[in-house]
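Visitor: Shown below is the structure under consideration.
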Amino acid sequence: MKKLIGFIAFWIAVGMLLMLFLAHHYLIALIIIALLLLIGYNCYLQ
């Protein structure tokens, strides 16, 4: 289950990177992307 959550968080972060090109709130988007990548890394690889 932990690997699945990590995998999902990683791909949500990738999708948000695409959203970043369309959004006007860069700081909020970058913070959310960084958190999701961190969660995805920690859950998927451990």
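Visitor: If each DSSP helix of 4+ residues adds -39,500 (n - 2.57) and the sum is divided by the residues in the chain, what number results at 222 nm, nearest 500 deg cm²/dmol? Walk me through the numbers on the way to the answer.
Guide: Numbers: 2 runs with 39 residues, N = 46.
Mean residue ellipticity, 222 nm, calculated: -29000 deg cm²/dmol.
Visitor: Keeping the other protein chains in place, figure out the carbon and sulfur percent of the accessible area of the chain, with a 1.4 Å probe.
Guide: The C+S portion of the solvent-accessible surface of the chain is 82 percent.
Visitor: With a Cα-only, solvent-free Debye model of the chain, what are the log10 I(q)/I(0) values at q = 0.16, 0.17, 0.18 Å⁻¹?
Guide: Rounded to two decimals, the profile gives -0.39, -0.44, -0.48.
Visitor: Hey, another quick one. Going by average Cβ neighbours within 10 Å, how do the peptides 2-11, 23-32, 36-45 rank, with the highest at the top? Kindly include the intermediate steps, with their values, before the conclusion.
Guide: Details: 2-11: 14.2, 23-32: 11.1, 36-45: 15.7.
Put in order of decreasing packing, that is 36-45, 2-11, 23-32.
Visitor: How large is ³J(HN,Hα), in whole Hz, for each residue of region 7-24 in order, when computed from phi with the Karplus curve 6.51 cos²θ - 1.76 cosθ + 1.60 and θ = phi - 60°, using x for Gly and Pro?
Guide: 5, 5, 4, 4, 6, 5, 5, 5, x, 6, 4, 5, 5, 4, 6, 9, 8, 10
The values are calculated or read from the model by the stated rules, or taken from the named source; none is laboratory data. Since this is a predicted model, take the numbers as computed values, not measurements. Please note: Cβ atoms are built from the backbone with ideal geometry, for glycine as well, and neighbour counts cover all protein chains shown. All accessible areas refer to the heavy atoms of the entire protein, side chains included, with ligands and DNA or RNA removed. Shrake-Rupley method; radii C 1.70, N 1.55, O 1.52, S 1.80 Å.
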